[in-house]
Structure formats: C-alpha cells, structure tokens
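The values are calculated or read from the model by the stated rules, or taken from the named source; none is laboratory data. Note that the structure is a prediction, hence the values are computed from the model and not measured. Cβ coordinates were reconstructed from backbone atoms using ideal geometry, including for glycine residues, and neighbour counts include every protein chain displayed.
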Amino acid sequence: GGYVYQKAYLEFFCSKEKLDAVVGKCKSLPSITYIAVNKGDNWVSNTAQSDVNAVTWGVFPAKEIIQPTIVDPASFKVWKD
C-alpha cells in the first residue's frame, strides 16, 4: 500500500481577453501556478522558465517519492504546436 497524490490541474484554450482576466484573478491567489503560451510563442506565467511543477506523485513504503507527471515550461512550449 501507498498513496498517489494529484494537484488540481486544468488545461484550456481561451482568448487573450479571458487569459488577462484569469491572470488578474490569480494574482491574489499565490498558491495557484499558471502557464500560458500561444502559437506565436508569447509566454505568460507566474513561474520561472526553469521551474518544474509536479502534478501527480506517489508515496510508497520503503521507496523514494515517485513523480510520474510534471509540467515544465519547456514541455509546455512543445505542446502548443
């Protein structure tokens, strides 16, 4: 027995105007991480481009933490295409 943890995670497409509204709301919620990129490679985020964000991970007895799902800016830029 062990445990698998998952953060709330949301992906969606939106207009620049809706993105601006989301970013405005997130500024008062520092525990929320956001990353946005468009086809033109315009980048908006509250993390550094070198940061890695674990979305899911597992904890099992007598084992190291298993981290199967991460979101990082480099892979996020690849997904935009």
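So which residues in the range 21-36 are within 21 Å of Trp79 (Cα to Cα) and modelled with pLDDT of 95 or more?
Across the range 21-36, the qualifying residues are Val22, Val23.
Can you pull out the residues in the range 1-56 that are part of a loop (DSSP other than H, G, I, E, B), under 18 Å from Thr69 (Cβ atoms) and among the polar types (S, T, N, Q)?
Result: Thr33, Thr47.
Tell me, which residue of the range 57-69 that is of a type outside the set (D, E, K, R) and not in a strand (DSSP E or B) is surrounded by the most Cβ atoms within 10 Å (Cβ to Cβ)?
Applying the filter and picking the extreme gives Phe60.
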